[in-house]
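Report on one structure; see the data block that follows.
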């Protein structure tokens, strides 16, 4: 599985479209676009002005790619509370047997929680994205919960998680905490030091 989190810059009055071009390129390489998800932030550094011409940008795309159909691993997070939890579903459950006869089947009660939607909302900023002070030496950190939720969904304990854009070390930290093996790459030696400092605590 590949989880690719990407937003678009605005240049010369137009969004760059980088996110879509990257998604299409992954597909050209043979990946299946398994899900197009949204990472919604609780706010923005540059909110829309009353007399502006563009709404406040508070999301990034999360493209989930797979080489397998269906994906090898999918542990959907079930934290969407059901209003009718415990109640039996309305109507009757039926199916046809091998003889073509209509047969009733027992209806299972509505579970307390169901899988969440594919728009994930996270609070960002100091003490929200992380409590690791050294991480904020990096200019653009991702929320730990976002990385953790993808790791839990698309991998199992003992699996290998690879982060090609190490940044402040959020992904390897959450992989380590959740009993996954990890490899992390980062082109900036300055950011590598942040990752080492952060990971030393875990």
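The values are calculated or read from the model by the stated rules, or taken from the named source; none is laboratory data. This is a predicted model, so every value here is computed, not measured. No Cβ is skipped: glycine too gets one built from the backbone with ideal geometry, and neighbour counts run over all protein chains shown.
Every test in (1) out of contact with any helix residue (DSSP H, G or I) (no Cβ under 6 Å at 6 or more places or on another chain); (2) at pLDDT 95 or above; (3) outside any helix (DSSP H, G or I); (4) surrounded by 11 or more Cβ atoms within 10 Å (Cβ to Cβ) is passed by residue 63 save one, and that test is (1).
Answer yes if at least one residue in region 9-19 is touching a residue at least 24 places away in the same chain (Cβ under 8 Å), surrounded by 10 or more Cβ atoms within 10 Å (Cβ to Cβ) and part of a loop (DSSP other than H, G, I, E, B), and no otherwise.
Taking every residue of region 9-19 in turn, none turns out to be touching a residue at least 24 places away in the same chain (Cβ under 8 Å), surrounded by 10 or more Cβ atoms within 10 Å (Cβ to Cβ) and part of a loop (DSSP other than H, G, I, E, B).
Taken as a whole, the structure places residue 82 among residues that are over 30 Å from residue 202 (Cα atoms) and either at pLDDT below 95 or not assigned by TED's automatic domain parsing to the domain that holds residue 201 (or both). Considering region 88-202, the qualifying helices (runs of 4 or more DSSP H), each wholly inside and each with 1 or more residues that are surrounded by fewer than 10 Cβ atoms within 10 Å (Cβ to Cβ), run over 189-199.
So if I check each of 49, 69, 54, which one is assigned to a loop (DSSP other than H, G, I, E, B), touching a strand residue (DSSP E or B) at 6+ places or on another chain (Cβ under 8 Å) and over 22 Å from residue 116 (Cα atoms)?
On the way: 49 fails: touching a strand residue (DSSP E or B) at 6+ places or on another chain (Cβ under 8 Å); 69 fails: over 22 Å from residue 116 (Cα atoms).
Within the list 49, 69, 54, the selection yields 54.
Contact annotation: residue pairs with Cβ atoms under 6 Å, 6 or more positions apart or on different chains, pairing a residue in region 187-198 that is farther than 13 Å from residue 170 by Cβ with a partner that is buried (at least 18 other Cβ atoms within 10 Å of the Cβ) and modelled with pLDDT of 95 or more, are 192/186.
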